[in-house]
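Beneath this line is the structure, given in structure tokens, with notes to follow.
The values are calculated or read from the model by the stated rules, or taken from the named source; none is laboratory data. Keep in mind that what you see is a predicted model, and the values were worked out from it rather than measured. Methodologically, a virtual Cβ is constructed for each residue, glycine included, from the backbone with ideal geometry; neighbour enumeration extends over all protein chains shown.
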Amino acid sequence: MSWAEAGFHLLGQDVLWADLIGNICALGTVLLAIRRTIWTWPVQLTGAVLLFAASISAHVTGNALKQVLFGALAVYGWWKWSYGTREGRSLPVRPATSGERAALIGALVAGTALVATIFWSVNTFFFEISWNPLPDAYIFVGSAVATFAQGRALIDFWWIWVLVDLVGVPLAFASGLVVSGAVYGVFLVLVVIGYATWQREYRNTDEVVTV
């Protein structure tokens, strides 16, 4: 048994250590994002590595691919937020413009359709990459869009996460990732708190700088 498959039994359920610790990092990422600290990104990167291992072990390919993208976007967000710090100021939070919202929604819809088609094609002609291609694709693309928006400090990213969590909770439980399913539920509460915090900060800012 590899380290990614190591775990324990809890209330009749198998819990993977990689899934548990990775999701603790994921929760930590949200709490750190609410405070807008640069530690958001290295913690997210660590969680992505652990959840990738857990997802591969559970044969949830879409979620595993999502973690790869999470890792790459964590590096982007780390760089983006670090740049603002070097300029002597924190990256200001702001609502997305109408054009940015349209682009984010368009990317979510088109990206989900494209990735779902790829998953279905691979399932048909090669091997089963995903047992539920459409929600897997939706979570994969939605998570990417939300993390990209977070990297740019757009307040809207919190609501994108709500849309992702509404699908992620039942899918995680159905896949046997009990900890992930429970954490997705907690996310729903945290994103509302995060949105309120960022919105209040934006309203209290005298000068909003678009980056």
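If you check residue 195 against the conditions, is it at pLDDT below 80, buried (at least 16 other Cβ atoms within 10 Å of the Cβ) and among the aromatic types (Phe, Trp, Tyr)? For residue 195, the condition - at pLDDT below 80, buried (at least 16 other Cβ atoms within 10 Å of the Cβ) and among the aromatic types (Phe, Trp, Tyr) - is not met.
Of the residues contained in segment 121-143, none is found to be outside any helix (DSSP H, G or I), touching a Lys or Arg at 6+ places or on another chain (Cβ under 9 Å) and modelled with pLDDT of 80 or more.
Looking only at residues that are of a type outside the set (Lys, Arg), buried (at least 18 other Cβ atoms within 10 Å of the Cβ) and within 13 Å of the chain's Cα centre (by Cα) in segment 61-70, which one is nearest to residue 150 (Cα to Cα)? Filtering segment 61-70 for residues that are of a type outside the set (Lys, Arg), buried (at least 18 other Cβ atoms within 10 Å of the Cβ) and within 13 Å of the chain's Cα centre (by Cα), the one nearest to residue 150 (Cα to Cα) comes out as 70. Looking at residue 91, is it surrounded by 15 or more Cβ atoms within 10 Å (Cβ to Cβ) and at pLDDT below 85? Against the criterion (surrounded by 15 or more Cβ atoms within 10 Å (Cβ to Cβ) and at pLDDT below 85), residue 91 qualifies.
Against the definition (of a type in the set (A, V, I, L, M) and surrounded by 21 or more Cβ atoms within 10 Å (Cβ to Cβ)), how does residue 27 come out, yes or no? No: the conditions fail for residue 27. Checked against the criteria, residue 47 does not count as more than 13 Å from residue 67 (Cα to Cα), touching a Phe, Trp or Tyr at 6+ places or on another chain (Cβ under 9 Å) and part of a helix (DSSP H, G or I).
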